[in-house]
Amino acid sequence: MDLTAIDVTGHDVRAGDSVELFGTTITLQEVALAAGTLPYELLARIHERVVRI
């Protein structure tokens, strides 16, 4: 099963809103640093079933 949980406490978001996990607002390197891992590790864990846009 593929599952991602994101804590949005304190943010004005609703079901159906778009989110950016990494990209122009926050870089992959910043996410990896916060997660205590390497950028490649994050990318390698995204399953092929995930739609890329």
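Give all pairs with beta carbons closer than 6 Å in which a residue from segment 39-53 that is in contact (Cβ under 8 Å) with a residue 40 or more places away in the chain meets a residue that is part of a loop (DSSP other than H, G, I, E, B); count only pairs at least 6 apart in sequence or on separate chains.
His47/Asp2
Do you know which residues across segment 18-53 are within 18 Å of Ala5 (Cα to Cα), of a type in the set (A, V, I, L, M, F, W, C) and in a loop (DSSP other than H, G, I, E, B)?
Passing the criteria: Val19, Leu21, Phe22, Ile26, Ile46, Val50, Val51.
Of the residues that make up segment 9-16, is at least one within 13 Å of the chain's Cα centre (by Cα) and modelled with pLDDT under 95?
no
The values are calculated or read from the model by the stated rules, or taken from the named source; none is laboratory data. Quick caveat, the model's predicted, so the values are computed rather than measured. Counting neighbours? That spans all protein chains shown, and the Cβs are built from the backbone with ideal geometry, glycine included.
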